[in-house]
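Derivation of every value follows stated rules applied to the coordinates shown; laboratory data play no part. Note that the coordinates shown come from a computational prediction; the quantities given were computed from them, not determined experimentally. We place every Cβ from the backbone using ideal geometry, glycine too, and count neighbours over all the protein chains shown.
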Amino acid sequence: MIPITARDGHTLDAYLAHPQSEPRGGIVIGQEMYGITSYLRDVCDYYASQGYLTIAPALYDRRERNLVLDYTPADHDPAQKIYKNWNWEHALDDLDAAKNIVSEAGKVALVGFCWGGTLAWLAACRRDYTCAVAYYGSMMPDFRLKSACCPVIAHIGTDDGTFTQERVDLFHQAQPKVPIYIYAGAGHGFDNPSRGNRYHAEACKLARERTLEFLSRHLG
């Protein structure tokens, strides 16, 4: 972990993963609601292995340093309560602080999961990113009337109870130009092997292939 500083002077930690060769660009990873878990570190390492300088800022550092919650029913409700009452601008500022670190690699994308998926959409609308990828950002429909300033794609599973077909339709009606990839039989957290039966290997593989193609097109 490295320390980074947001524009309001807040200092937070971030996990930084370097590619083995010259970076093709930079990626900021927007955390899920459980914090910077081992899974999020693995995601950073994966995108670094694909040639991108990748960073995941610990957004919860504004509340408590090193706060990482478990994938258990006991931690699920507290995690939801934390992020749903978060200051969105603070989260975007902290993501921007991470972007400043990896911008040395060139163009920068934001790839977000869960809460981070919603943040990816908001950042695409309010901040300066080359492109954004939103994995199951279930609150995106609540911000559907925003206008993205960069290309965005979204990944959603058909069995995601937090992002139902009704809410998918709501977002799509407001944002018909945003590609939404739907994965049959996949639920919320389908990219995450740590989630047990929520992990959907086929959906994970296909979504990552689509994400890499999207990143290659826009970052290099």
*Within segment 150-164, which residues have the backbone N less than 15 Å from the label spot 7 Å out from ASP77 along Cα→beta-carbon, could you tell me?*
none
*Rounded to the nearest 5, what is the percent of antiparallel bridges among the DSSP beta bridges in segment 2-218?*
25 percent
*Can you list the residues of segment 116-140 with backbone N under 19 Å from a point 7 Å past the Cα of LEU212, pointing along Cα to Cβ?*
132-135
*Order of SER103, SER38, SER49 from fewest to most other C-beta atoms within 10 Å?*
SER38, SER49, SER103
*Set the Förster distance to 30 Å, then compute FRET efficiency between GLN20 and GLU64 from the Cβ-Cβ distance, nearest 0.05.*
0.30
*Using a Gaussian network model of the chain with C-alpha springs under 10 Å, which one of GLN31, GLN165, GLN20 is most mobile by mean-square fluctuation?*
GLN20
